[in-house]
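The values are calculated or read from the model by the stated rules, or taken from the named source; none is laboratory data. Since the structure is predicted, the reported quantities are computational estimates derived from the model, not experimental observations. Virtual Cβ from ideal backbone geometry, glycine too; neighbours counted across all protein chains shown. The protein model used for the area step is the full one, side chains on, heavy atoms only, and it has no ligands, DNA or RNA in it. Shrake-Rupley method; radii C 1.70, N 1.55, O 1.52, S 1.80 Å.
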Amino acid sequence: MREGVLVNLNTGYQKRPRAISAGFQDDLKNGMLSSILEQVQWDDNLTIEIRSAYINIYYRGGNILRIREKKTGYIFEFDWRYVKDDAKAAHYRQTMPQTITSADQVEIWATVLPNIKVEMDTYFSIHKKAEREFQQLVLRENNTGSIANKTDYFICDIEYQIKDTRFDMIAAKRRDKGEYRLAIIEMKYADSALGGKSGIFDHVEKAYNYLCTHAQNALRNEMTGIMKIKQTLGLMNNLPPEFLFTDEKPEFIFLLANHQPASKALEKELFRLKEDNNFYPAFCQKADLKIATANLFGYGLYNECVYNLEEFEKLNRILLEISEGRKN
């Protein structure tokens with residue numbers, strides 16, 4: 001049964017929304033930038049994310065290329081710190097055009113991107129970014145992977161930031177045909193990320209402050225625009241021609257990668273969250289807190305594997321009991 005009622009998405013927004021112009025979209029689909037879009041479409045390790053008048057192309061969680069729209073043409077930017085060899089970085093800077101006004105200049109970048117990926121592989125072998133890399137895997141599996149038309153969530157955006165608040169992912173949970181529920185997802189890689197600064201409690205607290213001070217219709221409106229752009233660019237599979245968000249409160253989901261079931265670190269953080277009899281109920285008025293688990297080593301987000309806190313505590317107790325039993 002459908003939950004909530006549909007909302008008017010034509011609301012104002014407090015910051016410049018993430019969107020690119022129709023001309024930018026057309027250049028990606030059919031114009032001078034098409035070779036870049038084509039490379040993203042056939043390369044599962046690349047993803048395009050929509051920003052305010054520019055796009056970021058991510059590889060393994062790192063920004064491999066930023067394309068900014070200007071009045072005449074585009075600006076291509078790459079973070080050259082990924083290239084550890086100074087001489088090689090200098091060569092790239094000299095030979096790679098930054099101001100782009102023709103398809104030939106774009107083709108230079110399209111040709112070199114595979115080489116830049118190798119440079120980033122080398123960088124990431126030293127500077128690990130596991131959380132962001134797994135974040136991109138979640139996006140791929142649920143948006144364009146072979147199972148994307150069967151999962152219950154689409155990832156609208158990653159690395160969403162407004163002022164000092166950043167969310168790993170903003171998602172749309174499938175409801176009835178053409179209707180979606182807003183979901184905010186935080187990814188935690190390994191148990192060392194569960195506590196302390198930027199741990200579970202800290203994220204819930206920041207999310208509560210955000211939800212208390214920002215209109216959710218505005219965020220829904222922005223995500224609707226991003227989903228439409230991604231649909232136009234062929235970056236999402238199996239979206240209906242028209243879609244709307246319901247006005248029900250969002251889900252706030254922790255996606256835990258490589259949590260050790262025998263560890264009590266997660267149980268400790270969840271207890272800390274619930275022991276404040278004022279804060280946790282107040283948060284639940286703003287969002288439904290949930291924990292997502294892997295579906296037998298996969299990253300497809302299915303409703304059956306996304307538990308509310310009470311359900312997950314039962315599941316976690318069972319896992320801890322099994323772990324204790326195996327020690328004996």
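Below, the figures for the structure above:
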{"quantity": "Flag for Ala207 being at negative phi, aliphatic (A, V, I, L, M) and either outside any helix (DSSP H, G or I) or in contact with a strand residue (DSSP E or B) (Cβ under 7 Å, 6 or more places away or on another chain) (or both)", "calculated": "yes"}
{"quantity": "Residue, nearest to Ile170 (Cα to Cα), within segment 51-77, restricted to residues that are outside any strand (DSSP E or B) and in contact with a strand residue (DSSP E or B) (Cβ under 6 Å, 6 or more places away or on another chain)", "calculated": "Ala53"}
{"quantity": "Subset of segment 100-139 that is β-branched (Val, Ile, Thr) and not in a helix (DSSP H, G or I) - its residue that is nearest to Tyr82 (Cα to Cα)", "calculated": "Ile100"}
{"quantity": "Cβ pairs under 6 Å, 6+ apart, first in segment 88-108 and closer than 20 Å to Gly31 by Cα and touching a residue at least 60 places away in the same chain (Cβ under 8 Å), second assigned to a helix (DSSP H, G or I) and open to solvent by 70 Å² or more (accessible area, probe 1.4 Å)", "calculated": "none"}
{"quantity": "Close pairs (7 angstrom Cβ cut-off, 6 or more residues apart or separate chains): farther than 25 Å from Ile200 by Cα in segment 162-183, open to solvent by 50 Å² or more (accessible area, probe 1.4 Å) and assigned to a loop (DSSP other than H, G, I, E, B) anywhere", "calculated": "Arg175/Arg2; Arg175/Glu3; Asp176/Arg2; Gly178/Glu242; Glu179/Arg2"}
{"quantity": "For Val306: the one exception among (1) open to solvent by 90 Å² or more (accessible area, probe 1.4 Å); (2) on the phi < 0 side of the Ramachandran plot", "calculated": "(1)"}
{"quantity": "Filter result for the condition that a residue is surrounded by 17 or more Cβ atoms within 10 Å (Cβ to Cβ), at pLDDT 90 or above and of a type in the set (Ser, Thr, Tyr), over Thr246, Thr232", "calculated": "Thr246"}
{"quantity": "Residue in segment 269-288 that is on the phi > 0 side of the Ramachandran plot and within 20 Å of the chain's Cα centre (by Cα) present", "calculated": "no"}
{"quantity": "Candidates Leu289, Leu256 - the one that is open to solvent by 20 Å² or more (accessible area, probe 1.4 Å), in a strand (DSSP E or B) and either in contact (Cβ under 8 Å) with a residue 60 or more places away in the chain or in contact with a Lys or Arg (Cβ under 8 Å, 6 or more places away or on another chain) (or both)", "calculated": "Leu256"}
{"quantity": "Test: residue in segment 196-203 that is within 18 Å of Met169 (Cβ to Cβ) and of a type in the set (Lys, Arg)", "calculated": "no"}
{"quantity": "Tyr58 vs. criteria modelled with pLDDT of 90 or more, open to solvent by 40 Å² or more (accessible area, probe 1.4 Å) and under 20 Å from Lys228 (Cα atoms)", "calculated": "no"}
{"quantity": "Selection status of Leu33, more than 21 Å from Asn142 (Cβ to Cβ) and either surrounded by 21 or more Cβ atoms within 10 Å (Cβ to Cβ) or touching a helix residue (DSSP H, G or I) at 6+ places or on another chain (Cβ under 8 Å) (or both)", "calculated": "yes"}
{"quantity": "Test for Arg166: is it surrounded by fewer than 17 Cβ atoms within 10 Å (Cβ to Cβ) and either under 28 Å from Lys128 (Cβ atoms) or at pLDDT 90 or above (or both)", "calculated": "yes"}
{"quantity": "Qualifying residue in segment 150-163 (condition: of a type in the set (A, V, I, L, M), crowded, with 18+ Cβ neighbours inside 10 Å and not in a loop (DSSP other than H, G, I, E, B))", "calculated": "yes"}
{"quantity": "Out of Ala218, Ala171, sole residue that is out of contact with any helix residue (DSSP H, G or I) (no Cβ under 7 Å at 6 or more places or on another chain), under 15 Å from Glu251 (Cα atoms) and either open to solvent by less than 30 Å² (accessible area, probe 1.4 Å) or modelled with pLDDT of 95 or more (or both)", "calculated": "Ala171"}
{"quantity": "Residues (out of contact with any strand residue (DSSP E or B) (no Cβ under 8 Å at 6 or more places or on another chain) and under 21 Å from Ala19 (Cα atoms)) located in segment 36-50", "calculated": "Glu38, Gln41"}
